[in-house]
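Everything on this sheet refers to the single structure shown next.
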Amino acid sequence: MESKKFYITTAIPYMNAKLHLGQIYEFIVTDIVARFNRLLGRDTYFLTGSDEHGQKIEKSAKDKGVSSQDYVDTMVKDMKRLLEVYNISNDSYIRTTDKAHEKVVQNILIKLNENGDLYKSTYEGDYCVPCETFLTEGQLVDGKCPECGRDVEHVEEENYFFKLSEYGQKLIDHIEKNPDFIIPETRKNEVLGLLKQGLKDISVSRTAVEWGVPIPFDSKHYCYVWVDALINYISALGYSSEDSSLFEKYWPADQQHIGKDILKFHAVIWPAILMSLGVDLPKHVVVHGWLLMGKEKLSKSKGITLDPDEIAEKYGIDGVRYFLTRELSFGQDGSFTDPAFIKRYNADLSNDIGNLVSRTLAMIEKYRESVIPAKVKSPDFEKAWEDTKSVALELMGQFKISECLIKVWEFVNKANKHIEDSQPWTLAKSSEQKDIDKLDAVLYEVAESIRLSALILIPFMPTSCQKILDQLGIEKKTGDIRLEADGIWGSFDGNTKTGERKILFPRIEDK
Ligand SMILES: [Zn+2]
């Protein structure tokens with residue numbers, strides 16, 4: 001039995017720079033999955049937020065001559081603005097500087113300590129400030145951080161350590177018992193490889209940093225920013241708080257989406273902390289690849305970024321949402337380039353669906369005075385729709401998001417082909433009853449196919465799908481639509497007048 005609730009989270013970006021398009025990609029994917037679950041009628045809770053403590057933030061604020069709090073407040077405001085720009089439908093937003101979150105972090109540290117999973121020792125090694133990561137000598141590449149290639153700082157300080165080493169076998173057992181705990185399989189194997197090498201205990205406190213959550217039983221220490229950040233997924237639900245009703249209702253998370261660079265934190269450290277707390281593990285840790293610009297990895301520290309505002313301005317939100325999910329094979333790296341975008345947009349959006357909608361509505365206006373003909377039985381189209389719907393749902397369940405879109409496009413193009421084959425413009429010239437009936441049937445079949453395509457595409461392109469429904473004279477709002485109730489062939493009864501025609505995806509000239 002599938003549960004009726006659905007809890008999905010994004011990784012929370014570190015607030016030291018403006019978001020880049022690669023991070024927006026993760027929000028788009030999680031947003032699509034969240035909207036899909038709402039479309040299926042599930043009680044969905046979609047969380048995102050921001051990671052705001054640590055040395056890097058402390059430094060960035062100091063460089064700007066502002067307080068750390070003012071610095072993160074400004075950064076968070078901009079992130080929230082971008083979430084709105086990209087139409088991300090998160091139900092909640094957690095900040096790691098929220099007092100309620102900080103209290104949960106402290107509750108958890110106390111519990112880990114009481115469980116005997118924390119101990120004090122001296123850490124000697126290297127630390128990459130931009131990545132906020134402890135590194136051992138063996139991990140360095142040419143003496144630099146293996147992740148960002150920057151210089152590391154030598155650190156020797158007293159830290160609290162978490163006994164991660166004691167959880168290796170338990171994690172292996174869990175992954176073997178739950179083979180889809182980590183998706184896709186390549187990432188699962190990567191984690192199993194790490195675990196089989198054996199785990200070292202990890203530092204969970206710093207003394208050199210003050211912008212963080214104080215360790216409640218030792219005031220010189222502050223919680224390591226990564227541990228602080230991971231806790232957001234349950235602090236946002238009120239874990240260990242006075243009101244923990246959201247936690248009772250939604251945890252364990254159904255899907256926790258992350259980028260492949262933070263796999264170890266989410267598939268090793270996070271579940272080990274949960275095990276120590278006696279809290280269930282998330283059902284799936286879903287790992288996506290990187291968005292590249294051409295062949296280069298986007299990186300704010302290296303200044304290779306695709307500015308999400310510029311891209312939105314240039315191409316429109318739904319076009320970008322479509323492109324990123326259609327073009328990138330989920331779990332793998334993928335690339336954004338202007339020529340690839342323009343080609344995909346013009347072919348799929350401007351031509352296939354945009355043109356289908358505009359010519360169908362023009363014909364209904366011209367031949368039937370803007371009234372969609374009454375429903376006809378159409379075994380061929382009904383079967384095609386049922387097939388599209390069931391395959392699309394199955395593919396979404398397997399994170400084959402691009403393949404899901406390809407399947408829906410087959411249905412869109414079946415409608416396009418139907419227009420070409422039946423030539424409504426020829427039928428419209430005839431006064432024979434059989435041709436009049438045939439024209440009614442074709443217009444109905446195509447209008448209904450557009451409605452159903454728009455319905456299943458709501459999660460991908462909510463604004464454009466609303467525009468399609470409006471033009472079809474449907475008064476419902478996309479957010480109120482449920483696949484089970486609305487996704488059935490045969491909705492127009494001969495009394496639906498189409499709305500004002502609008503161009504959905506204006507063609508982009510390739511210069
Ligand atoms: Zn680094």
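Bear in mind these aren't lab numbers, they're just calculated from the coordinates by the rules spelled out. Everything quoted here is computed from the prediction, not taken from an experiment. A quick note on method: Cβ atoms are made from the backbone with ideal geometry, for glycine too, and the neighbour counts reach across all protein chains shown.
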Whole-Hz couplings from phi, Karplus 6.51/-1.76/1.60, listed for segment 42-58; x for Gly and Pro | 7, 6, 9, 10, 10, 10, 9, x, 9, 9, 10, 9, x, 5, 5, 5, 4
Taking segment 325-411, which GluC sites (Glu not before Pro) meet the DSSP loop condition and have no more than 10 other C-beta atoms within 10 Å?
-> Glu369
Theoretical gain in end-to-end length, Glu386 to Lys144 [0.36 nm per residue, Cα-Cα removed] = 81.6 nm
Roughly how many nanometres apart are two label points built 7 Å out from the Cα toward the Cβ at Glu475 and Asp73?
-> 4.5
Could you give me the ³J(HN,Hα) list for segment 204-219, computed from phi with Karplus coefficients 6.51, -1.76, 1.60 and θ = phi - 60°, whole Hz, x at Gly and Pro?
-> 10, 9, 10, 10, 7, 10, 10, 8, x, 8, x, 6, x, 9, 7, 5
The pairs in Lys200/Lys264; Lys144/Lys302; Lys188/Lys283; Lys383/Lys417; Lys64/Lys99; Lys375/Lys477 lying past 19 Å Cα-Cα in this model are Lys64/Lys99; Lys375/Lys477
Dipole of segment 438-511 [Lys/Arg +1, Asp/Glu -1 at C-beta], most positive-end residue of Phe492, Leu455, Gln466 | Gln466
Expressed in angstrom and rounded, the centroid-to-centroid distance over alpha carbons for segment 435-496 and segment 76-91 is 29
Return the distance in nm (one decimal) between the two label points of a simple spin-label model at Lys314 and Arg81, each offset 7 Å from Cα along Cα→Cβ.
-> 2.0
Restrict the search to segment 430-511; then list the GluC sites (Glu not before Pro) that DSSP places in a loop and that have at most 11 other Cβ atoms within 10 Å of their Cβ.
-> Glu432, Glu475, Glu500, Glu509
Hey, in the chain, which Cys have no second cysteine's beta-carbon closer than 4.7 Å?
-> Cys148, Cys223, Cys404, Cys465
Expected unfolding gain across Thr426-Val376 under the 0.36 nm per residue rule, minus the alpha-carbon gap, is 16.0 nm
In whole Å, what is the distance between the alpha-carbon centres of segment 354-416 and segment 210-273?
-> 43
What is the magnitude of the charge dipole of segment 445-510 about its Cα centre, with +1 placed on the Cβ of each Lys and Arg, -1 on the Cβ of each Asp and Glu, and no other charges, expressed in debye to the nearest 20?
-> 160
Over segment 300-403, consider all pairs of different Cα atoms and compute the Kirkwood hydrodynamic radius from their mean reciprocal separation; express it in Å, one decimal.
-> 17.0
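For Gln332 and Asn115, calculate 0.36 nm times their separation in residues minus their Cα-Cα distance, and state this gained length in nm to one decimal.
Details: separation 217, 0.36 × 217 = 78.12 nm, distance 3.91 nm.
Full extension from Gln332 to Asn115 adds 74.2 nm.
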Can you tell me the FRET efficiency between Glu153 and Thr463 if r is taken as the Cβ-Cβ distance and R0 is 56 Å, rounded to the nearest 0.05?
-> 0.75
Lys, Arg +1 and Asp, Glu -1 on Cβ, resulting dipole of segment 338-497 about Cα centre, debye, nearest 20 | 240
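What order do you get for Asp117, Asp243 when you list them from fewest to most C-beta neighbours inside 10 Å? Present the calculation step by step, with values, prior to reporting the outcome.
On the way: Asp117 21, Asp243 10.
The order, fewest Cβ neighbours first, is Asp243, Asp117.
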Considering the options Tyr71, Gly397, Ile364, tell which one lies farthest towards the positive end of the dipole of the chain, charges being +1 on Lys and Arg and -1 on Asp and Glu at the Cβ, about the Cα centre.
-> Ile364
Note to self, the chain gives a 222 nm [θ] from helices alone (DSSP H runs n ≥ 4, -39500 (n - 2.57) apiece, / all residues, nearest 500) of -14000 deg cm²/dmol
So what are the chain's ellipsoid semi-axes, whole angstrom, largest first, if each one is the square root of 5 times an eigenvalue of the alpha-carbon gyration tensor?
-> 50, 23, 20
Magnitude of the Cβ-charge dipole (Lys and Arg +1, Asp and Glu -1) of segment 186-247 about the Cα centre, nearest 20 debye, reported as 440
Which of the listed residues, Cys131, Ile183, Ser165, is farthest toward the dipole's positive end in the chain, when Lys, Arg count +1 and Asp, Glu count -1 at the beta-carbon?
-> Ile183
Calculate, for Ile488 and Ala347, the FRET efficiency according to 1/(1 + (r/R0)^6) with r their C-beta to C-beta distance and R0 30 Å; round to the nearest 0.05.
-> 0.50
Does a label point 7 Å from the Cα of Lys99, set along Cα-to-beta-carbon, have any residues of segment 205-237 with amide nitrogen under 20 Å, and which are they?
-> 211-217, 223, 232, 235-237
Tell me, what is a quarter of the convex hull surface for the C-alpha atoms of segment 338-497, in nm² with one decimal?
-> 9.7
